[in-house]
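The values are calculated or read from the model by the stated rules, or taken from the named source; none is laboratory data. Note that the structure is predicted; figures quoted are calculated from it, not measured. In this analysis, Cβ positions are derived from the backbone assuming ideal geometry, glycine residues included, and neighbour counts consider all displayed protein chains.
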Amino acid sequence: MSKLTAPRGTFDILPEQASVRADVERTARELLEPAGYGRIETPSFETTELFARGVGEATDIVEKEMYSFDDGGGRSLTLRPEGTAPVCRAYVQHGMHKLPAPVRLYYLSSFFRAERPQLGRYRQFWQLGIEALGSADPAVDAETIVLLATLLGRLRVSGLRLRLGSLGSPDTRAAYGEELASYLRANAERLAPAVRERIERNPLRAFDSDDPGTRAVMAGAPRLLDRLEQDDAEHFAAVCGLLDRVGVAYEIDSTLVRGLDYYTRTLFEFTSDSLGAQSGVAGGGRYDGLVEQLGGPPTPGIGWAAGIERIMLASGEHAPAAAPVDVYVAFEAARADAFETLVAVREAGLSAQMELAGRSLKGQLKQAERLGARFFAVVEPESVLLRDLRAGTEETVDRDALLDRVVTA
Ligand code: HAM
């Protein structure tokens, strides 16, 4: 029979990688919980409408990257491609607007996008994300960005760059969108066909294009940052000022666009030059209209998400050494005595492993050494031959006395 493999763009998380991930999770928890963030986990799938309304019909994600399916009763469900819309859905559903603002939530979950797989880009991937809801204060923007910079620093992600921009309000964006669209129409023959097609629906995405002709046109395009209303410009200046105050370096990028439609005002992205083509490690921004768009009260919000696989790629994280084994329980014939000893040693709070592969006594010793065990205990019905592999000593003790010997060692 032919061998089955995991679907393209997906991967298994094996024990060594799982321990690196556990390290990322612990670092995130230790940073975010003292800052007031509580964990939230939403379901792996939601109604398709949530993403159509939340992420935006004209985005790549909704247009072509969603895994949608019928729930068996004629309703369309979708494997979540991102976490912000689901968290805002949960915020509204559970009446979290009644809680003291800002409500701060974080998640570490897997997401699904039908993208073309390559290094750093998968069809099921993991994100660590945070969302702070209910405050429009520029200090929340700065705080979330500082938390992300701190996290990536603690995780030793190398070659980082922070790009920062502002999209202003939906009205400014709409007026700017028209101005940009007419500029693009005037230069249509120099644009890539895919960009040309999108002029009317999503002209901002033209800044995303890698096509040389399009890039040349975009170099002379009007910039949204120059068109911001006064209060949006002040908000942006305040965010920049707070970041300056605490020494977080950033580059203002007036062409920054991200593939989700809910953003308003502050927008940011961390890239790493050790990542190649998929250089985005983490990104986020403000979404002051999203909660209302999902049927909740007007509620400002801001957040970010960081790709776990990209963090691991950009930090060259290695698995921490496996936990040491205190006692390797060996035996020749006394399996039940050995088993009883194993359970007793573990109950005493030590780590223990028992021979389970039918090795010879010599093979068992080798295995104990491979695991870095402190003690090698050959169990017999009445006694135990106990070898201290670190000290190089050996003694025979009563089975009853074994625990005392190894616990006090
Ligand atoms: P996003 O930029 O689409 O934002 O994704 C955030 C991060 O997830 C990316 O920077 C990247 O590290 C990782 N990522 C995205 N797609 C893939 C993929 N196919 N394979 C591997 N990693 C990937 C969001 O999802 C927003 N919800 C972030 C946000 C939260 N904005 C406000 N709050």
request  = Can you tell me which residue within region 243-302, out of those that are touching a strand residue (DSSP E or B) at 6+ places or on another chain (Cβ under 7 Å) and of a type in the set (S, T, N, Q), is surrounded by the most Cβ atoms within 10 Å (Cβ to Cβ)?
outcome  = THR266
request  = Consider THR150 carefully, then state whether it is of a type in the set (Ser, Thr, Tyr), near the ligand (Cβ under 10 Å from one of its atoms) and modelled with pLDDT of 95 or more.
outcome  = no
task = Need at least 1 residues that are modelled with pLDDT of 95 or more, within 15 Å of the ligand (Cβ to nearest atom) and farther than 24 Å from THR299 by Cα per element, so show me which strands (runs of 3 or more DSSP E) inside region 43-95 make the cut, counting only ones lying wholly within it.
result = 76-79
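Of the residues in region 138-184, how many are of a type in the set (Gly, Ala, Ser) and either in contact with a Pro (Cβ under 8 Å, 6 or more places away or on another chain) or part of a strand (DSSP E or B) (or both)? Before the answer, list the steps.
Filtering region 138-184 for residues of a type in the set (Gly, Ala, Ser) gives 139, 142, 149, 153, 158-159, 165-166, 168-169, 174-175, 177, 181-182.
Those still in the list that are either in contact with a Pro (Cβ under 8 Å, 6 or more places away or on another chain) or part of a strand (DSSP E or B) (or both) too: 165-166, 177, 181.
Summing the residues that are of a type in the set (Gly, Ala, Ser) and either in contact with a Pro (Cβ under 8 Å, 6 or more places away or on another chain) or part of a strand (DSSP E or B) (or both) in region 138-184 gives 4.
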remark   = Within region 102-139, residues being aliphatic (A, V, I, L, M), away from the ligand (no atom under 12 Å from the Cβ) and closer than 23 Å to TYR250 by Cα number 2
query = Can you find a residue in region 166-177 that is small (Gly, Ala, Ser), more than 16 Å from the ligand (Cβ to nearest atom), in contact with a strand residue (DSSP E or B) (Cβ under 7 Å, 6 or more places away or on another chain) and within 25 Å of LEU294 (Cα to Cα)?
reply = yes
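Here is a check on your reading of the model: is ALA323 touching a Ser or Thr at 6+ places or on another chain (Cβ under 7 Å) and surrounded by fewer than 18 Cβ atoms within 10 Å (Cβ to Cβ)?
Numbers: touching a Ser or Thr at 6+ places or on another chain (Cβ under 7 Å): yes; surrounded by fewer than 18 Cβ atoms within 10 Å (Cβ to Cβ): yes.
Answer is yes for this residue.
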ask   = Does ALA142 fit the bill of being closer than 20 Å to ALA28 by Cα and either over 17 Å from the mean Cα position of the chain (by Cα) or surrounded by fewer than 22 Cβ atoms within 10 Å (Cβ to Cβ) (or both)?
value = yes
key: Residue in region 295-302 that is over 28 Å from LEU14 (Cβ atoms), touching a Ser or Thr at 6+ places or on another chain (Cβ under 6 Å) and either without any contact (Cβ under 8 Å) to a residue 24 or more places away in the chain or of a type in the set (Gly, Ala, Ser) (or both) present   = no
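Show me the strands (runs of 3 or more DSSP E) found entirely inside region 306-408 where at least 2 residues are among the aliphatic types (A, V, I, L, M). Full working, then the answer.
Numbers: elements: 327-331, 352-354, 375-379, 383-388, 393-398.
Those strands (runs of 3 or more DSSP E) span 327-331, 352-354, 375-379, 383-388.
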task = Find all pairs meeting these conditions: Cβ atoms under 8 angstrom apart; at least six residues apart or on different chains; first residue within region 267-286 and farther than 28 Å from ARG173 by Cβ; second residue within 9 Å of the ligand (Cβ to nearest atom) and of a type in the set (A, V, I, L, M).
result = SER272/VAL281; LEU275/VAL281
inquiry  = So for region 18-33 (the condition being in contact with a Ser or Thr (Cβ under 8 Å, 6 or more places away or on another chain) and not in a helix (DSSP H, G or I)), does at least one residue qualify?
reply    = no
note = When (1) under 25 Å from TYR262 (Cα atoms); (2) touching a Phe, Trp or Tyr at 6+ places or on another chain (Cβ under 9 Å); (3) buried (at least 17 other Cβ atoms within 10 Å of the Cβ) are applied to PRO222, the one that fails is (3)
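How many of the residues in region 355-381 are closer than 15 Å to LEU403 by Cβ and in contact with a helix residue (DSSP H, G or I) (Cβ under 7 Å, 6 or more places away or on another chain)? Outline the logic, then answer.
Taking region 355-381 and keeping what is closer than 15 Å to LEU403 by Cβ, we get 374-375, 377, 379.
Now drop any that are not in contact with a helix residue (DSSP H, G or I) (Cβ under 7 Å, 6 or more places away or on another chain), which leaves 375, 377, 379.
Total meeting the criteria: 3.
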